[in-house]
Every structure is written in C-alpha cells, then in structure tokens.
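One structure below.
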Amino acid sequence: MIVSIKDSVKLFGISIMTCCAVTVCNLFLNYYIDLKSIADLIDNQYAQAFYDAQIMTAKVVCAVSGGCLAATTVVMLFFYIKHYIDSHSRQIGILKALGYSDFKIAKGFSVFGLSVLVGCLIGYLLSFLLMPQFYELQNEDGYLPELSVHQHWILFVLLVVAPTLLFALIAVCYSLLKLNQPCVNLLKGIVKSKGKNRNSKDKKNFVAEMRSSVLRSRKTLVFFIAFSSFCFSAMIQMSSSMDELASEMMGLMILIIGIVLAFTTLYIAVTTVIRSNQKNIAMMRVFGYDSSDCKHSVLDGYRPAAYIGFVIGSVYQYLLLKIMVDIVFAGIEGVPNYEFDFPIFFITLGIFIVVYEGIMFAYGRSMKQIPLKQIMSE
Amino acid sequence: MIEINDLTKFYGKGESRFKALDGVSVSINDGEFIVILGASGSGKSTFLNVISGLETADGGTVAYDGQQLDKMSEKELTKFRRENTAYIFQQYYLLPHLNVEKNVRMGADLNNNKDYLKFIEAVGLSEKRKKFPSELSGGEQQRVAIARALAKNPKVLFLDEPTGALDETTGRLVLDYIIKLQKEQCFTMIMVTHNANIAETADKIIRMNSGKIVSVTENTNKKTAYEIGW
C-alpha cells in the first residue's frame with residue numbers, strides 16, 4: 001500500500017481543525033440537547049426568552065463554526081491528497097504500470113480518515129472537560145432551572161464516527177478523480193495543470209513573473225493564507241468582545257481556537273510553498289539571487305490574500321456578533337449594545353502586521369539554509 | 001585566473017568518513033576550456049562544486065583573480081555568483097511553471113540583459129519560446145538551460161555532465177553549440193564529464209582519481225563535437 005498510517009500522521013492540520021470544530025460543536029450541541037430536556041420546566045416569560053436565545057445560539061454557533069471548519073477541512077484534505085499524488089507521482093505511476101487499478105490505489109487514501117478520527121476524538125473528550133464550567137457560565141444569571149451534563153451517544157456518532165467515515169470516503173473519491181490520468185504522465189511527473197502564457201505580462205521582471213507563477217501553481221495555498229489571517233482577525237476581535245457579551249471563559253476559548261487555527265494553517269501553507277519550491281529557490285541562489293529575491297518571488301505574492309483575509313475576518317466577526325446581540329438576544333434584559341470596536345480592530349491589525357511580517361521574514365531567512373549541493377546531487 | 005591550492009574535502013562521519021578531495025592544486029587561465037575527466041566517485045563533481053562556491057572546502061583555497069572564496073561572507077558569495085558564474089546541470093533544472101522565455105530571463109535579469117531573445121534564437125528555440133519545459137524534449141530543455149546560463153554573460157561557466165542525459169545526435173548538437181559560444185565570447189568554461197571522447201574538444205584536460213588530480217594535459221589536437229567518438 002502506497003499510503004501508510006505514517007502519512008496520515010502528517011495531516012496534523014486536519015486533526016487540529018477537526019479537533020476545534022468538534023470541541024465547539026459538541027459543547028453547544030450537548031448543551032442544546034440537555035436544554036431541550038428541561039423545556040417543560042420553564043415557567044416564566046424571561047426564562048422562555050432566555051431559553052429561546054440559548055437554543056438559537058447553539059444552532060448558529062454550530063452551523064457557522066462547524067460548517068466553516070468542516071468546509072475548510074475538506075479543502076485541506078483535497079490539498080493534501082493532490083500534494084501527495086503530485087509528490088509521489090512516480091511511485092503511483094509504477095503501480096499503475098504494474099497493473100494496479102485506480103480504485104485499488106485510491107483505497108489506500110482512506111487512511112487519511114484516521115487523522116479526522118484522532119482530531120474528532122480529542123475534540124470530543126476535550127469538550128467534556130470544558131462542559132461543566134460551560135454549563136455554569138451559560139446559566140450564570142440563573143434564568144433557567146439547574147442543568148447537569150449528560151453524555152449523548154448520538155453526538156458521538158455524529159461528531160466522531162460519521163466524520164471519520166465521511167472523510168475517508170471523500171479521500172477515496174477525490175484521489176480516484178486525481179488518479180485518472182495517463183500512467184506515463186505520472187511516471188514523468190507531468191503536472192496536469194500547466195502554467196499559462198500571458199503575453200500582456202511579459203514585460204514583468206523575472207522575480208515578479210516567478211511570484212505570479214508560484215501563486216498560480218498552488219491556488220489552494222492562497223485560500224489557506226487568507227483563512228489563517230481570517231481566523232486571527234475574527235477570533236481575536238471576537239474574544240475581546242466576549243468579556244462583555246458572554247464570559248471570560250468563552251473569550252479565552254475563542255482566542256485559543258483562533259490562534260491555533262491561524263498558526264496551524266499558516267505553518268502548513270508556508271512550509272508547503274517553500275518545500276515545493278525548494279529546487280527553484282536553490283537554482284535561484286546558484287545563479288546569484290539573494291534571499292530577499294527568493295522571498296519576494298516565493299512568499300510575497302501571498303501578502304494581499306493575508307490582508308484581505310484579515311479584513312473579511314473583521315467584517316465577519318462584527319456581523320456575527322451584531323446578529324447575535326440584535327436578533328438572537330433581542331428580547332433578553334441586560335445584553336449590552338454592540339458596535340464595531342475600532343480600537344480593538346487597530347490593535348489586532350498592529351499585532352497581525354508584526355506577527356505576519358515577522359514570520360515571513362523568518363521564513364525568508366530560512367531559505368538561506370537550503371543546501372545548494374542538494375540540487376546538484378539529485 | 002582561478003588558482004586552486006591544496007583543496008581537501010571530507011564526507012561522512014566516524015568510520016564512514018572519506019576524503020572526496022585530497023590536496024588538489026591547479027591553475028586555470030581566463031578563457032580556457034577545461035574538461036575534468038574521471039570515473040564515478042573520482043571527486044570530479046565535488047571539485048566542481050567547491051571551485052564554483054556551491055560547497056565549502058575543508059582545507060585549501062580557491063581564488064578568482066586573487067579573491068579567495070573561503071574569505072567571502074554569504075552575501076559576498078551571492079554577489080560573486082551573480083556577477084561571475086553560471087551553471088548548466090545534467091538535469092537542466094528549469095523552472096517548470098515558467099515558459100522558455102521566462103526561464104531565460106532568470107539569467108538575463110541578473111545582468112540587466114534586455115537582449116536575451118538573441119540567446120533563445122541562438123539555441124534555435126525562437127518558435128518555442130512560449131512553450132513550457134514539459135512540452136520540450138530533453139535536448140531542447142538543455143538548450144534552454146544553456147540560453148539561461150549564457151544570458152547572464154558569465155565570466156566562468158560550469159557544466160556538470162551537460163550531455164549526460166541526451167542522445168548522441170542531440171548531445172553533439174548541444175556540445176558543438178556550447179564550444180562555439182565559448183570561442184566567440186571567450187568566457188572560461190569548466191566541464192565535468194566521464195566521457196573521455198568529450199575531453200578531446202577541450203583546451204586542457206584534468207584527470208581525477210580517488211579525489212586527486214592524476215594528470216593535467218594540454219590538448220594540442222582539439223576536435224569538434226562532430227569529430228569525436230560518442
């Protein structure tokens with residue numbers, strides 16, 4: 001089997017993503033189910049309005065964060081599979097030449113479901129660690145009758161078993177699609193998507209041309225970089241509003257999830273782009289391009305995506321909180337008014353610029369470490 | 001002039017440590033065409049890597065017109081490569097997502113050479129300048145690598161088995177073209193090969209074995225790429 005369990009471990013980005021998604025979803029869904037069980041015990045108008053708002057919150061949070069993270073996980077899985085097939089095209093080509101069917105090879109990709117299983121299991125267990133305090137904070141003002149934590153197997157099936165099987169199936173289907181190419185192309189390492197000739201841009205210098213070509217060759221990474229800064233921007237700004245709107249615990253949870261997702265995605269994107277351009281970087285250095293030229297051509301093209309992601313994150317968190325406060329919690333007493341927090345926006349932007357540019361600078365410097373001899377010995 | 005003095009280079013650690021270069025000394029004059037000849041494992045590629053500054057030696061010196069490579073910082077070495085050298089490898093190493101013209105610009109831009117199209121024309125690929133490496137044959141890809149290296153107007157051109165991956169017809173064509181250009185532009189050319197026939201085209205032949213230079217011969221009977229055996 002060409003794909004091993006060891007390869008599945010490399011998909012730690014998927015494990016982290018699913019872990020975050022399941023933690024949040026299980027917290028709110030478990031609370032939702034337990035909350036439903038006390039519906040009959042609610043005896044006043046205030047409690048009813050609070051109950052309705054809590055139910056709505058659970059639905060919105062699960063749909064938005066669960067949906068968003070699930071979609072990103074699918075994109076990440078596709079990216080990993082494509083990257084795996086591209087980097088192992090010769091081995092796969094040999095298997096096909098020996099007579100292995102596409103389906104037989106694709107079946108091996110089902111082990112990628114293991115990384116989903118690991119992430120979901122950790123997220124599921126983690127949510128139970130947080131649950132007692134979460135329940136307490138949700139009903140801090142005592143509007144609702146006392147609520148205790150119950151474990152619901154249906155959620156284990158929906159949030160752990162089903163995603164594992166679904167992602168394993170998606171991995172097999174997508175790899176089947178990607179393996180559908182002539183054996184000789186795989187053996188020669190010919191990539192299906194070739195570069196495009198753009199006559200209008202021929203006036204660009206080599207570094208600028210290289211920058212565009214790096215961007216075009218791995219478009220998924222543009223999404224990951226934008227997603228990374230989206231998480232950073234949205235979660236940090238949202239967490240700072242949580243003290244007032246919800247609780248410190250909620251704010252801290254959002255902050256940790258945001259930072260973990262942002263750095264994991266950025267790490268995956270940047271290391272992939274550098275690894276896949278290692279030979280090109282070495283060749284540029286052999287010819288006398290310095291590390292800042294290499295950084296300009298390989299990393300700087302992603303900067304607009306990063307800043308666009310940041311802006312979208314800011315707008316997203318504002319709209320989400322506005323909807324929660326003005327619509328979901330409209331009838332609840334004591335909910336503060338929510339407006340866009342410009343000071344927090346500018347502070348987050350400042351931190352983002354320092355962190356993002358600092359990381360890119362460090363990665364740019366790391367290009368110096370790529371041994372030139374490596375290119376000669378291949 | 002390139003002066004190489006008592007070069008040593010080790011690989012490996014402990015019991016597997018071995019001497020890839022063992023006290024190599026030689027001088028290379030400007031504008032010479034040198035072939036470094038030797039069997040696999042003789043140290044010829046290591047020698048090329050060290051004298052071109054891609055690898056550092058464990059002992060000895062390499063000096064270009066008195067400038068010692070081992071005394072240069074990483075920044076100075078980059079500047080040195082930018083202004084003086086170019087490389088042609090056996091495996092071409094073209095940038096796969098850039099077309100022929102843009103690959104050649106990789107060399108040309110370093111020297112602000114706006115007239116790079118003449119190099120594409122010279123290697124006979126004008127009509128294929130918008131093609132991508134995957135759409136070219138091995139010989140055509142090597143010609144792109146040559147155009148890319150020459151568009152840099154190097155003072156020294158290093159070649160590591162440049163015809164190693166080519167068939168005889170294409171190999172002779174490529175070799176003939178490189179030799180002609182070297183004569184026209186008078187740059188120093190240092191080529192590594194295991195093919196003794198190719199050595200007959202050079203001005204000077206350096207034979208290596210077990211990390212040592214065993215002979216340096218002036219070639220008085222130079223042949224063209226079409227006169228040698230293959």
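Worth pointing out:
- Ordering of B:50-57, A:128-135, A:174-181 by burial proxy (mean other Cβ atoms within 10 Å per residue, highest first): B:50-57, A:174-181, A:128-135
- Relative counts (whole %) of C-alpha pair distances in the stretch A:63-190, using bins that are 5 Å wide: 2, 9, 16, 16, 13, 11, 9, 7, 6, 4, 3, 2, 2, 1
- Taken over chain B, the alpha-carbon convex hull comes to 130 cubic angstrom per residue.
- For the protein assembly as shown, the Kirkwood estimate of the hydrodynamic radius, built from every pair of different alpha carbons, is 28.1 Å.
- Average other protein chain Cβ within 10 Å of Cβ, residues B:84-96: 4
- Averaged over peptide A:164-172, the number of partner chain Cβ atoms lying within 10 Å of each residue's Cβ comes to 0.
- With both residues required to sit in the protein assembly as shown, DSSP beta bridges show an antiparallel share near 55%.
- Debye intensity ratio I(q)/I(0), log10, the stretch A:251-354, q values 0.16, 0.20 Å⁻¹ (C-alpha model): -0.87, -1.13
- P(r) tail, the stretch A:1-90: Cα-Cα pairs separated by more than 23 Å, 46% of all pairs.
- Ranked by how many other beta carbons lie within 10 Å on average, peptides A:52-61, A:38-47 from highest: A:52-61, A:38-47
- Net length gained if the chain between B:Ser126 and B:Ala39 were fully extended (0.36 nm per residue, minus Cα distance): 27.6 nm
- 222 nm mean residue ellipticity, helices alone, for chain A (DSSP H n ≥ 4; -39,500 (n - 2.57); rounded to 500): -24000 deg cm²/dmol
- Taking the Cα atoms of the stretch A:204-378, the ratio Rg/Rh between the radius of gyration and the Kirkwood radius comes to 1.12.
- Helix axis angle, A:67-87 relative to chain A longest principal axis, alpha carbon, degrees: 20 degrees
- Radius of gyration over Kirkwood radius for the stretch A:249-299, both on Cα atoms: the Rg/Rh ratio is 1.28.
- Rounded D (µm²/s) - the stretch B:1-133, Kirkwood Rh over Cα pairs, Stokes-Einstein at 20 °C, 1.002 mPa s: 124 µm²/s
- Chain B: angle of helix B:74-84 to the longest principal axis, Cα-based, in degrees nearest 10: 50 degrees
- For the stretch B:2-218, share of DSSP beta bridges that run antiparallel, in % to the nearest 5: 55 percent
- Note on the protein assembly as shown: with charges restricted to the Cβ of Lys and Arg (+1) and Asp and Glu (-1), its dipole about the Cα centre is near 2740 debye.
- In this structure, B:Asp58 and B:Val214 have a Cβ-Cβ separation that, at R0 = 25 Å, corresponds to a calculated FRET efficiency of about 0.75.
- Test item: A:287-294 mean partner chain Cβ contacts at 10 Å: 6
- Inter-part distance where the stretch A:29-54 and the stretch B:1-73 are each reduced to a Cα centre, Å: 79 Å
- Whole-Å distance, taken between Cα centres, linking the stretch A:201-280 and the stretch B:122-201: 42 Å
- Helix A:303-323 axis, angle to chain A major axis (alpha carbon atoms, nearest 10°): 10 degrees
Readers should treat all values here as calculations from the given coordinates under stated rules, not as data from a laboratory. Everything quoted here is computed from the prediction, not taken from an experiment. Don't worry about glycine lacking a Cβ; one is built from the backbone with ideal geometry, like all the others, and counts go over all protein chains shown.
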